[in-house]
Every structure is written in C-alpha cells, then in structure tokens.
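Below you'll find the structure, written out as structure tokens, and then a few comments.
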Amino acid sequence: MTLKFLPVATGLFALTLLTACGTETVKKQDVQASVEEAKAAIELNNQDLYEVHHEGRIYVFDDHATYQEFLEVGETSFRKVFIGEGPKGETIVFGLTNEDKKKTSGIASMDMYHGDLAGADVFYGEMRVEGRIYVFSSLEEMTTARTVGEVPLRYTDIGAGPKGETVVYALNGDNKKVKPVAMIAAFRQMNGLN
C-alpha cells in the first residue's frame with residue numbers, strides 16, 4: 001500500500017457506517033460487505049500517481065516507494081517503455097513494482113495515465129517538471145496539466161521542496177481563494193518533511 005493512512009480508512013469507513021445507522025440494528029454481514037467494498041477500492045491502487053519529466057522522457061509511477069527509489073537512483077528496476085507516446089512525442093516509462101513486472105494489464109499507473117482508470121475521490125498526484133514540483137488533488141487536474149503544460153489556478157510555495165524546489169499546488173474553481181493546507185500537509189508527509 002502506498003499511502004500509510006489507507007488501511008485506517010477501511011476501519012473508519014466501517015465505524016462511520018455503524019455511527020450513521022444510530023439506533024438501527026446493523027447486521028454483521030452488512031458491515032463486512034461495506035468493509036470488503038472499501039478494500040476493493042483500495043486494491044485498485046488509484047489513489048496516487050507520480051511523474052517525473054526529464055530529458056524527453058516521462059517517468060510514471062503508481063507506487064510511492066518505487067517513485068522514491070527512482071528519485072534517489074535515477075532508474076527503476078522494472079519498467080515498461082513506450083517510445084514517442086507522450087503528449088509531445090516523449091518516451092513514456094512506467095516504473096513497475098516487482099508484483100507488476102509480469103502483468104500485461106491491470107497496472108494502475110498505465111491505466112490512469114491512459115484514462116482507463118479514474119483517480120480515487122481522495123487522490124494525491126505529484127509531477128516534477130523543470131525543477132518544479134506540482135501537486136494535485138485530482139487525476140483530472142494532473143492529466144490536464146500534462147496535456148496543456150500549465151496549471152492555470154495555483155498556489156506557489158517557493159523553495160518548499162525537499163531540495164529547495166518550488167512547489168506548485170494545483171487549485172480549482174472551488175478552492176482558488178484559500179491556502180491549500182491539506183495539500184501542503186500531504187506533500188510534506190509524502191516527502192518526509194514533517
């Protein structure tokens with residue numbers, strides 16, 4: 001699991017279900033079914049996506065540990081490469097986990113990148129381009145930024161990255177006038193800055 005708080009989300013979901021029912025009797029199998037649905041959603045692995053744009057290549061990851069390893073080493077042990085398939089003819093390199101290396105389908109990073117898998121409602125995306133780190137709370141905003149090459153609504157935090165990079169938080173019409181506190185906290189947690 002890439003995000004540490006996700007297993008807790010399953011338990012919280014069940015607790016919320018029990019609380020929401022108030023005095024009504026909740027059958028054990030109903031709770032179990034809801035927990036199983038929450039687990040199935042987590043297994044889609046569509047809650048996070050990471051990209052690094054570097055020297056004519058776009059490196060894409062759905063696993064935080066594999067992404068962090070790539071940032072440290074500059075390579076990934078397992079990958080699928082698609083030459084010239086990026087929005088501007090870039091080579092796309094999907095960094096894979098050991099579990100994904102033999103798969104021909106069902107790889108979350110590939111499915112999300114190609115639009116075959118929607119991002120989760122609670123989503124974290126990170127894109128590193130030209131010395132900047134862009135942070136997204138939706139896959140749709142991340143896809144638009146990749147295609148257009150810009151984040152129209154944003155909150156910029158100069159020098160806030162792990163190596164002093166500028167961090168740009170993608171905003172939308174709903175949150176464009178407020179500081180994205182939750183996104184900043186998520187970025188700091190994902191990059192060990194807490």
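Computed from the mean reciprocal separation of all distinct C-alpha pairs, what Kirkwood hydrodynamic radius does the range 123-194 have, in Å?
Final number for the Kirkwood radius of the range 123-194 is 12.1 Å.
More than 22 angstrom separation, counting every C-alpha pair in the range 53-131; what % is that?
20 percent
Obtain the nm distance between the two label points defined at Phe78 and Thr166 by a simple spin-label model: each point lies 7 Å from its Cα along the Cα-to-C-beta direction.
Simple spin-label model gives 3.8 nm for this pair.
Would you mind giving the three semi-axes, in whole Å and largest first, of the ellipsoid equivalent to the range 75-117 according to its Cα gyration tensor?
18, 14, 7
Expressed as a rounded percentage, what relative contact order does the range 55-114 have, with Cα pairs under 8 Å and six or more residues apart?
37 percent
Can you figure out the FRET efficiency of His54 with His114, using R₀ = 22 Å and their beta-carbon distance, to the nearest 0.05?
0.60
I need the trypsin sites (Lys or Arg not before Pro) found in the range 134-194, filtered to DSSP loop residues with at most 15 other beta carbons within 10 Å of theirs.
For trypsin sites (Lys or Arg not before Pro) across the range 134-194 that sit outside H, G, I, E and B with at most 15 neighbouring Cβ atoms in 10 Å, the list reads Lys163, Lys176, Lys177.
Which whole-number percent is the relative contact order of the range 123-194 (Cα, under 8 Å, 6+ apart)?
Contact order relative to length: 28 percent.
Along the Cα→Cβ direction, 7 angstrom out, place labels at Lys103 and Glu43. What is the inter-label distance in nm?
Computed distance between label sites Lys103 and Glu43 equals 1.2 nm.
Which ³J(HN,Hα) values, rounded to whole Hz and listed in residue order, are derived for the range 71-79 from phi using the Karplus coefficients 6.51, -1.76 and 1.60 in 6.51 cos²θ - 1.76 cosθ + 1.60 with θ = phi - 60°, glycine and proline given as x?
Karplus values, whole Hz, x for Gly and Pro: 4, 7, 9, x, 9, 10, 4, 10, 7.
Order by neighbour count: Met142, Met183, fewest other Cβ atoms within 10 Å first, most last.
Met183, Met142
Run the dipole for the range 76-194 about the Cα centre, Lys and Arg Cβ at +1, Asp and Glu Cβ at -1, nothing else charged, and hand back the magnitude in debye, nearest 20.
Using only the charged Cβ atoms, the result is roughly 300 debye.
No lab work stands behind these numbers, since they all come straight from the coordinates. Since this is a predicted model, take the numbers as computed values, not measurements. A quick note on method: Cβ atoms are made from the backbone with ideal geometry, for glycine too, and the neighbour counts reach across all protein chains shown.
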